[in-house]
Amino acid sequence: MVTAADARVRARIADELVRAAADRDDLIDVAVGTVGSPIGELFVAMTSKGLACVGFDDQDRAALEDRFAEDLSPRVVASARATDDVRRQLDEYFGGARRRFEVGIDHRLMSPFVRKVMAQTAKVPFGEVSTYGAVAKGIHHPEAARAVGAALGQNPIPIVLPCHRIIGASGNLTGYAGGLHRKDFLLRLEGDPMLFPG
Amino acid sequence: MGTRTPPPFERFLDEHGPTVMRFLVVAVGPEHADDAYQETFLSALRAYPRVRDDGRLDRWILRIASRTAIDHHRARARRPEPRATVPDRPVAAPEPPDAALLAAVAALPPKQRAAVALRHLLDRPYPEIAEILGCSEEAARANVRAGLATLRERV
């Protein structure tokens, strides 16, 4: 009478009606979307409080969405409109037309310590770098450089909260949850070409 | 086995959308299935923050879809056919190979129509049909039986 295959095709088209109506009726708590970038497609999640997450394309997206459902709300729905502003800002950043992000932040995916570390990290401006030790000192835990490194690794909003600007005291990039090649790219993008030749 | 937060809604939609659509194409008819689909999942989304995943979300969404289908017929019975503007969608209305059967199904009382769709299209066992339709298993059987008898007569 109606094959499963026909119903599937038709459902996928009608899904767009559901998403549009959900957006119109304000029923989306976590709006998700993607934006292309030179370091791979980025996945973004916006809530009424602000940007909650930026994910890289090699991250487990299903696991991220599970986390949103658990810690934010299960009403996770794709919305081009609700994610438009942050996607555009990321575009501008990678195009060299933006040095700071103007977007509210939803801190709910961060532990209190991660939050503190990220607040300190956010003080490091575009084009500059700082060290794990300096961030530790900044939050009045000078002995906690390692813990700072671990906290930066848990940053749910990379790029926008610039954990890539924190490097080792020796000048080594040290580590990055998104992979060192991405950290290197971001620092070159922001950096003085004299300091980051090639 | 405890109850948990339901899956992210996008995954829920992805997983259950095709079954719900298949049910609605028969339960409300191809021309109203998209509207009913949207209404079904919007109702689900409204209730979603309070829902617990007890492993029976498939029945939960079919229950909402069944209610939507039955309400849809009640609403239409009250007013004369409002020729809704159905936007042209290329795959929306594939040629039904069995138009006579669809027409006969469309003439069934709404609850029988939903019961027949659940049993013979989606292959649901009677205890589940009873749960979805919110009636006893016996009533579920009776609805399917009555629906099938009418279909046999007409096709």
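Remarks
- Local electrostatic count at residue B:10 - Lys and Arg +1, Asp and Glu -1, tallied over other residues with Cβ under 11 Å: 0
- Charging the Cβ of each Asp and Glu at -1 and of each Lys and Arg at +1, and nothing else, the dipole of the range A:4-94 about its Cα centre rounds to 260 debye.
- Of B:68, B:19, B:40, the residue with the greatest mean-square motion in the GNM of chain B, using alpha carbon springs below 10 Å, is B:19.
- Membrane-span-like helices of chain A, defined as complete DSSP H segments with a Cα extent of 27 Å or more along the helix axis and a mean Kyte hydropathy of at least -0.5, are identified as A:4-24.
- Between residue B:56 and residue A:111, the FRET efficiency from the beta-carbon distance, with R0 = 56 Å, is close to 0.95.
- Ordered by the number of other Cβ atoms lying within 10 Å of each residue's own Cβ, fewest first, A:73, B:43 fall into the sequence B:43, A:73.
- Amide H partners (placed H, <5 Å) of residue A:54, local residues excluded: A:157
- Just so you know, the Cα atoms of the range A:4-94 work out to an Rg and Dmax of 14.0, 44 Å.
- Per-pair calculated FRET efficiency, R0 = 45 Å: residue A:16 and residue A:184 via Cβ, rounded to 0.05: 0.70
- Relative contact order (percent, whole number), the range A:112-190, Cα cutoff 8 Å, 6+ residue spacing: 32 percent
- Counting 0.36 nm for each residue step from residue A:177 to residue A:26 and taking away their Cα separation leaves a gain of 51.0 nm.
- Residue exposure sequence - A:53, A:163, B:135 - by fewest surrounding Cβ within 10 Å: B:135, A:53, A:163
- Taken about its Cα centre, the protein assembly as shown carries a charge dipole of roughly 720 debye when the Cβ of each Lys and Arg holds +1 and the Cβ of each Asp and Glu holds -1.
- Kirkwood-type radius of chain A, with distances r between different C-alpha atoms, in Å: 18.2 Å
- Taken over the C-alpha atoms, the range A:112-190 has Rg and Dmax values of 11.1, 31 angstrom.
- Projected onto planes of every orientation and averaged, the convex hull of the alpha-carbon atoms in the protein assembly as shown covers 22.2 nm².
- Note on residue A:154 and residue B:101: their simple-model spin labels are 5.7 nm apart, each label 7 Å out from Cα toward Cβ.
- Between amide H atoms placed 1.01 Å from N, distances below 5 Å from residue A:78 occur with A:32, all of them 5 or more places distant or on a separate chain.
- Packing-based exposure ordering (other Cβ within 10 Å, fewest first) of A:130, A:170, A:48: A:170, A:48, A:130
- Net charge of neighbours whose Cβ lies under 12 Å from the Cβ of residue A:167, counting Lys and Arg as +1 and Asp and Glu as -1: 0
Laboratory data are not the source of any read-out in this text; all were calculated from the coordinates shown. Everything numeric here is computed off the predicted structure, so don't read it as measured data. Glycine also receives a Cβ, built like all others from the backbone with ideal geometry; neighbour counts cover every protein chain displayed.
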